[in-house]
1. To check you understand DSSP bridge types, tell me what percent of the beta bridges within the chain (both residues inside) are antiparallel, rounded to 5.
2. Working from Cα positions, state the angle (0 to 90°, nearest 10) between the long axis of helix 112-124 and the longest principal axis of the chain.
3. On a 0 to 90° scale, report how tilted helix 179-207 is relative to the longest principal axis of the chain, with both axes built from alpha carbons and the result rounded to the nearest 10.
4. Can you count the Lys pairs in the chain whose Cα atoms are under 26 Å apart, with each pair 8 or more apart or on different chains?
5. Can you grab the distance from the C-alpha centre of the stretch 123-164 to the C-alpha centre of the stretch 19-96, Å, no decimals?
6. According to the square roots a ≥ b ≥ c of the eigenvalues of the Cα gyration tensor, what is the shape class of the chain, taking rounded for a/c under 1.5, prolate for a/b larger than b/c otherwise, and oblate for the remainder?
7. What list of ³J(HN,Hα) couplings, whole Hz, do you get for the stretch 130-137 from phi and the Karplus terms 6.51, -1.76, 1.60, once you set θ to phi - 60° and write x for glycine and proline?
8. Karplus couplings for the stretch 53-69 from phi (6.51 cos²θ - 1.76 cosθ + 1.60, θ = phi - 60°), rounded to Hz, Gly and Pro as x?
Amino acid sequence: MTAAAVPPSIDPATTRLGWIGAGVMGASMCARLLAAGYRATVFTRTRSKAQPLLDAGAQWAESPAAVTAASDVVFSIVGYPRDVREVHLGDAGTLSTLAAGGVLVDMTTSQPALAVEIAAAAEEKGIAAIDAPVSGGDVGAKAGTLSIMIGGDEATVAALAPLWDAMGKTWVRQGGPGAGQHAKLVNQTLIGGNMVGVCEALLYAHRAGLDLDTVLKSVSSGAAGSWSLSNLGPRMIAGDFAPGFYVEHFLKDMGLALEEARRMNLALPGLALCEQLYHAVAAQGHARSGTHALMLALAQISGVDWQQRA
């Protein structure tokens with residue numbers, strides 16, 4: 001086994017970045033690094049999604065392996081654990097070409113055990129692998145205010161500080177490989193219950209005849225305030241359910257959290273109920289809507305036509 005080297009000083013003039021995945025979150029996160037002066041080579045399955053990054057100066061690669069061949073530090077943020085496995089451990093994955101001393105940073109919300117597996121495979125090749133899922137939605141990705149939950153080698157995590165700072169307001173190392181993923185599943189468990197509360201509260205306000213914008217001013221600054229209430233509440237009121245984070249991806253995350261809970265012999269009935277409510281959202285045709293589309297499913301239960309309300 002070869003020990004993974006700590007990367008040299010991170011500098012826009014010398015550090016070559018790779019980026020895999022240009023979805024709602026990934027495109028904005030990579031754009032933050034480009035705006036900070038870093039060079040990046042990018043790959044995503046649908047090239048058109050990467051066009052704004054290419055227009056901003058990024059270089060295109062035809063595969064994950066081609067990205068890593070031209071990079072020192074490689075980031076990925078893709079859809080599902082199966083995608084993470086293919087991107088990093090597949091025949092044309094990152095570990096097939098990244099040189100010893102390189103760093104992999106997977107920012108997908110994925111399985112903790114898979115993060116441990118990737119880190120072990122990377123260490124065999126003298127590569128450091130970090131799991132660093134994020135929270136903050138499309139708003140945080142665009143503004144560079146994400147919360148980044150990190151698992152991996154302490155010295156490597158510290159060396160990447162300039163990159164964390166370009167993308168996030170808060171970044172915290174939680175522990176070794178997989179710890180970042182566990183922290184993100186804690187985050188998603190909190191968000192699920194909070195989202196139910198936000199939707200039910202606004203439904204109550206609507207049925208009680210309150211002006212929703214006015215009531216939001218009162219409750220968002222008190223003890224009931226939350227990120228979801230302040231950022232997604234206005235979107236719900238406006239009937240704007242465009243995705244900052246897809247329902248189908250949140251279902252994936254809740255499934256991962258419940259899977260880990262079963263493994264640890266934990267009962268999380270609130271999260272299980274939330275998952276079922278989100279399955280209803282998806283069944284109503286909103287799998288590719290934002291997570292705040294939960295409002296539409298809960299409104300339907302009470303016979304409220306949210307989009308056509310008076």
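Computed from the coordinates by the stated procedures, all read-outs in this text should not be read as laboratory data. Bear in mind that the values here come from a model prediction, so they are computed numbers and not experimental data. Ideal geometry is used to build each Cβ from the backbone, glycine not excepted, and the neighbour counts take in all protein chains shown.
1. Working: 4 of 29 bridges.
If I count the DSSP bridges inside the chain, around 15 percent turn out antiparallel.
2. The angle comes out near 10 degrees.
3. So the helix axis and the longest Cα principal axis differ by about 20 degrees.
4. So the count works out to 12.
5. 15
6. On the way: a/c = 2.14, a/b = 1.79, b/c = 1.19.
Because a/c hits 1.5 or more and a/b exceeds b/c, the chain counts as prolate.
7. 10, 9, 8, x, 10, 9, x, x
8. 6, 5, 5, 8, x, 5, 9, 8, 10, 8, 6, x, 4, 5, 4, 5, 5
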